[in-house]
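Structure record follows, encoded as structure tokens.
The values are calculated or read from the model by the stated rules, or taken from the named source; none is laboratory data. Remember, predicted model here, so these are calculated numbers, not experimental data. So basically every Cβ, Gly included, is an ideal-geometry build from the backbone, and we count neighbours across all protein chains shown. Accessible surface areas use protein heavy atoms only, side chains included; no ligands, DNA or RNA. Shrake-Rupley method; radii C 1.70, N 1.55, O 1.52, S 1.80 Å.
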Amino acid sequence: MNPAENLPEGFQAGYLTLLEGGELEQRVRIARQHLKSCDLCARYCRVDRPRTTQGAVCRTGERAVVYSYGPHYGEEDVLRGWNGSGTIFFSWCSLRCEFCQNWEISQKGEGREVGSDELAAMMLDLQARGCHNINLVTPSHVVAQILEATLIAARRGLTLPLVYNTAGYDSPEALALLDGIIDIYMPDMKYGDSVIAHRYSHVRNYWEVNRAAIKEMYRQVGNLRLAENGLAYRGLLVRHLILPASLAGTEKVLKFIAREISTETYVNLMGQYYPGYRASDLPELSRRIAATEYREVLDLARRLGLTRRDRPSPVNRLL
């Protein structure tokens with residue numbers, strides 16, 4: 001099975017183009033230097049991560065921590081296809097969301113450390129199993145490790161598009177390193193208000209950082225492009241999790257996308273919120289969203305011209 005046969009004729013993953021000219025190897029060297037005073041997420045902890053994790057919000061040192069990897073059939077239609085999206089779940093996170101639905105991974109750090117060779121082997125194994133892409137889940141704090149693994153995997157035959165599946169709190173320094181390497185950016189836009197973001201995810205300036213990151217991602221890859229078979233191979237896909245009582249600032253988020261990015265932006269308006277982790281202790285977050293709330297969001301997106309949307313997930317059962 002050759003997954004590359006499912007991609008458009010003439011498509012070449014961005015990292016392969018940079019590999020040919022030696023630029024990919026140079027990016028790896030630069031990214032390694034960034035780890036010594038880390039600015040690879042917008043926390044700007046400035047920790048010397050090869051020496052210590054003390055003071056690093058991500059609690060990750062020189063080696064990435066991986067929880068699991070394998071074909072994933074629960075991702076967006078344009079990513080999972082028929083053989084699944086090749087997901088690698090990185091442990092820890094630069095956010096501290098009160099409602100995190102994967103808190104064992106993001107907050108407890110369950111998983112194990114892996115070196116770049118092993119991470120590259122995971123990528124190649126996912127390709128050999130027929131996955132349509134390499135989906136890097138919660139990658140912001142391990143940009144340097146991902147780049148090194150990509151270099152190794154590319155030299156050994158990796159050809160699949162890279163998906164950067166991020167919470168959207170990415171620094172411009174990290175995005176500059178990823179320019180031309182990432183084929184599909186899939187950021188969250190979690191909040192339309194930084195005060196709310198600080199309250200529920202314990203992070204500062206989220207709205208400002210997130211808007212700048214989305215604009216830069218769009219500049220790099222443009223609108224999401226699909227092959228004739230419906231698979232995505234390049235572009236921007238934005239996720240937004242709808243919270244109860246409009247706490248996520250959904251209207252502000254969608255207006256930003258439509259007016260400052262593109263009405264052709266492919267969006268996933270996620271209605272599957274449930275009060276995970278510590279959310280049940282917060283009255284305003286202790287319930288699922290109502291069907292009427294979800295329909296109002298779909299109507300708003302329609303009015304704003306955001307018609308390129310992923311199908312509603314069956315787990316929300318709101319429609």
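Summary table
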read-out: Test: residue in the stretch 79-92 that is over 19 Å from VAL203 (Cα atoms), surrounded by fewer than 22 Cβ atoms within 10 Å (Cβ to Cβ), at pLDDT 95 or above and among the polar types (S, T, N, Q); value: yes
read-out: Of residues in the stretch 122-175 being of a type in the set (Val, Ile, Thr) and farther than 12 Å from ALA31 by Cβ, the one surrounded by the fewest Cβ atoms within 10 Å (Cβ to Cβ); value: THR159
read-out: Only listed residue being of a type outside the set (S, T, N, Q), in contact with a Pro (Cβ under 7 Å, 6 or more places away or on another chain) and either more than 16 Å from VAL137 (Cα to Cα) or in a loop (DSSP other than H, G, I, E, B) (or both), chosen from PHE11, PHE99; value: PHE99
read-out: Restricting the stretch 282-319 to residues that are modelled with pLDDT under 95 and among the charged types (D, E, K, R), the residue that is farthest from ARG219 (Cα to Cα); value: ARG317
read-out: Total residues in the stretch 281-305, condition in a loop (DSSP other than H, G, I, E, B) and open to solvent by 50 Å² or more (accessible area, probe 1.4 Å); value: 3
read-out: Test: residue in the stretch 55-65 that is small (Gly, Ala, Ser) and open to solvent by 50 Å² or more (accessible area, probe 1.4 Å); value: yes
read-out: Test set (1) part of a helix (DSSP H, G or I); (2) within 15 Å of the chain's Cα centre (by Cα); (3) in contact (Cβ under 8 Å) with a residue 60 or more places away in the chain - VAL253 fails condition number; value: (2)
read-out: One residue from ARG27, ARG43, ARG49 being surrounded by 16 or more Cβ atoms within 10 Å (Cβ to Cβ), in a helix (DSSP H, G or I) and among the basic types (Lys, Arg); value: ARG27
read-out: Some residue of the stretch 121-136 being polar (S, T, N, Q) and touching an Asp or Glu at 6+ places or on another chain (Cβ under 9 Å); value: yes
read-out: Residue in the stretch 196-247 that is most open to solvent (accessible area, probe 1.4 Å), counting only those that are in a loop (DSSP other than H, G, I, E, B) and in contact with a His (Cβ under 9 Å, 6 or more places away or on another chain); value: ARG204
read-out: Residue that is surrounded by the fewest Cβ atoms within 10 Å (Cβ to Cβ), among those in the stretch 176-195 that are of a type in the set (D, E, K, R) and closer than 24 Å to GLY249 by Cα; value: ASP193
read-out: Filter pass, ASN205 being out of contact with any Phe, Trp or Tyr (no Cβ under 8 Å at 6 or more places or on another chain) and under 23 Å from ALA13 (Cβ atoms); value: no
read-out: Residue list for the stretch 101-121, filter: touching a helix residue (DSSP H, G or I) at 6+ places or on another chain (Cβ under 9 Å) and either open to solvent by 40 Å² or more (accessible area, probe 1.4 Å) or among the aromatic types (Phe, Trp, Tyr) (or both); value: GLU110, GLY111, ASP117, GLU118, ALA121
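Rundown of residues vs (1) among the polar types (S, T, N, Q); (2) at positive phi; (3) not in a loop (DSSP other than H, G, I, E, B), yes/no style:
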| position | (1), (2), (3) |
| --- | --- |
| GLN145 | yes, no, yes |
| THR150 | yes, no, yes |
| ALA153 | no, no, yes |
| GLY157 | no, yes, no |
| ASN165 | yes, no, yes |
| GLY168 | no, yes, no |
| ALA176 | no, no, yes |
| GLY192 | no, no, no |
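Table: residues versus (1) small (Gly, Ala, Ser); (2) touching a Ser or Thr at 6+ places or on another chain (Cβ under 9 Å).
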| residue | (1), (2) |
| --- | --- |
| LEU7 | no, yes |
| GLN12 | no, yes |
| LEU16 | no, yes |
| GLU20 | no, no |
| GLN26 | no, no |
| ALA31 | yes, no |
| LYS36 | no, no |
| CYS41 | no, yes |
| VAL47 | no, yes |
